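Novice: Here it is, the structure, as structure tokens.
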Amino acid sequence: MDAQSGSRALGAANDVVELLRLAQGAAERLASEVYGQKFEHAELLQRELQRLRRSTDRLLDNVERFVADEVSAGLRRGHPMRRASDRRARA
């Protein structure tokens, strides 16, 4: 994984976190406006979105660690295209 793909992965994970944050806020507003069975459904939706947000927060942490590990491993071993060109230059 290079820096660009790592950045894209982090951006995508952050987009999911933001999307769920917005969805949870909308569900809270909906629950405050309805009653009865609709309120119960909106509350259920809120709980599910909260569960998804916690899961997504863990995923974001894992993606951040993965990207950091991959980028640092890539720096240690060097870029494969550069190594190939270095070998040709020395020959």
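Nothing in this text is a laboratory measurement; each read-out follows from the coordinates by a stated rule. In this text, all values refer to a predicted model and were calculated from it rather than measured experimentally. A quick note on method: Cβ atoms are made from the backbone with ideal geometry, for glycine too, and the neighbour counts reach across all protein chains shown.
Novice: Before we move on, is residue 22 surrounded by 14 or more Cβ atoms within 10 Å (Cβ to Cβ) and either without any contact (Cβ under 8 Å) to a residue 60 or more places away in the chain or on the phi > 0 side of the Ramachandran plot (or both)?
Specialist: So residue 22 fails the test.
Novice: Would you confirm, using the coordinates I've provided, whether residue 27 is assigned to a helix (DSSP H, G or I), at negative phi and buried (at least 16 other Cβ atoms within 10 Å of the Cβ)?
Specialist: Yes.
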